[in-house]
Amino acid sequence: MSNPSVLILPGDGIGQEVMAEVRKIITWFGDKRGLNFDVSEDLVGGAAYDKHGVPLADETMAKAQEADAVLLGAVGGPKYDDLDFSVKPERGLLRLRKEMDLYSNLRPAQCFDALADFSSLKKELVAGLDIMIVRELTSGVYFGEPRGIFEEGNERVGINTQRYTESEIERAARSAFELAMRRNKKLCSMEKANVMESGILWREVVTEVAKDYPEVELSHMYADNGAMQLVRAPKQFDVILTDNLFGDILSDCAAMLTGSLGMLPSASLGAPMENGRPKALYEPVHGSAPDITGQGKANPCACILSFAMALRYSFDQGDEATRLEQAVEKVLADGVRTGDLMQSDGGTPVSTSEMGDAVVAALEASL
Ligand code: NAI
Ligand code: MG
């Protein structure tokens, strides 16, 4: 049997730098754990535009459709700011998400004890926090028709439409319930069923899907209350399921409970392929960080933890994913820090590659 395939798309700016560290991790798992991947690399974003005149070449798109997992760094940068909208680096990423039909966006908000001081909340509220937000990613108000700015009488009107079909809600809900089954069997669904018909339908469909998962404790919450509860007592949640718009806001809100952008991974999953694995794209939440590009300052942990998610959700290697997450945790506990994880008087930061090496050393020590 051939090895599972991973397509690496480092992209732009620090995307290149953090991905170099992920490659060290992938090599380690091959050498020391017998987990061998067929790794190929290609261009996305500005890097693809420079070579092909488009932010994602058709042949790269085809490779992504075939890959067992796609690992992306980041796209964009000031060099590309004046490009036409149709070829902007971000369009490369949007094309991947759209054509792979990645409808379920997983955003963990996990607080490593060593970083609890970085949260905007009191340490005791966030220490040990481990929640997962599942955001529907391919429908809702960002895509619904009609949309646009129209003339109406003597003024203009801006229109967007929140639209969800039952099947769109159902597949997102199923992925959240599956996740809840792998975690603590607790799921909170958030919408605004009090004021939105799409929210009423959302609640009905989620309640229906729940019948297939009797072990999961399901609750419903209005999304505005959800936002309050997230900053009041975040540890009450385990898996949160929500739509595209609320998910965009709630996941960013939850993310900041845990400290730095440099620590946040994500996964976007679609329907199962023939081999049973879901279509999958893993990427750090952060962007290309032009302000620190090329200086060895980027924290590679968000990208490394995205690979841990790939191990868990694409390759069924939950134990090895945990090993990698614990290696990152140990490195932080040992006080090894990139600049983004330091208070102003915190001493000397390590470089991107020193951070990656420290994680590899911690993996080695775990054997
Ligand atoms: P950004 O996430 O690139 O940077 C925001 C701030 O966080 C910067 O000060 C940066 O230095 C810092 N930062 C980000 N990641 C870090 C890391 N791993 N280690 C240490 N510090 C880190 O967001 P920004 O500045 O708004 O956007 C920069 C470019 O990235 C733009 O072209 C934007 O369009 C693009 N972008 C791309 C995304 C993606 O590829 N998914 C997501 C967000 C922005
Ligand atoms: Mg956002």
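What follows draws every value from the coordinates through simple rules; no lab data is involved. As the structure is a computational prediction, the values presented were derived from the model and not from experiment. Cβ sites come from the backbone with ideal geometry, for glycine too, and all protein chains shown count toward neighbours.
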Across 138, 348, 338, the residue with the highest GNM fluctuation in the chain (Cα network, 10 Å cutoff) is 348
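Return the percentage of antiparallel bridges among DSSP beta bridges fully within the chain, rounded to the nearest 5 %. Spell out each step's value before the answer.
Values: 22 of 47 bridges.
Antiparallel: roughly 45 percent of the beta bridges in the chain.
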Taking a ≥ b ≥ c as the square roots of the eigenvalues of the Cα gyration tensor, with a/c under 1.5 meaning rounded and otherwise prolate when a/b exceeds b/c and oblate if not, the stretch 197-325 is oblate
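Antiparallel DSSP bridges in the stretch 120-258: what percent, to the nearest 5?
30
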Classified through the alpha carbon gyration tensor (a ≥ b ≥ c as square roots of its eigenvalues; rounded if a/c is under 1.5, else prolate when a/b is larger than b/c, else oblate), the stretch 1-91 comes out oblate
Under a Gaussian network model of the chain whose springs join Cα atoms within less than 10 Å, the largest fluctuation of 34, 15, 226 belongs to 34
For the chain, shape from the Cα gyration tensor axes a ≥ b ≥ c, cut at a/c of 1.5 then a/b versus b/c, turns out rounded
Rounded to the nearest Å, the spacing of the alpha-carbon centers of the stretch 38-114 and the stretch 263-337 is 15
quick shape note, the stretch 120-258: Cα extents on principal axes in Å, largest first -> 55, 38, 23
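Dipole size in debye (nearest 20) for the chain around its Cα centre, Lys and Arg Cβ +1, Asp and Glu Cβ -1? Before the final figure, lay out each step's value.
On the way: 37 positive and 57 negative charges, 115 e Å.
Once rounded to the nearest 20, the dipole reads 560 debye.
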Count of lysine pairs, the stretch 120-258, Cα-Cα under 27 Å, sep. 8 or more residues or interchain, comes to 13
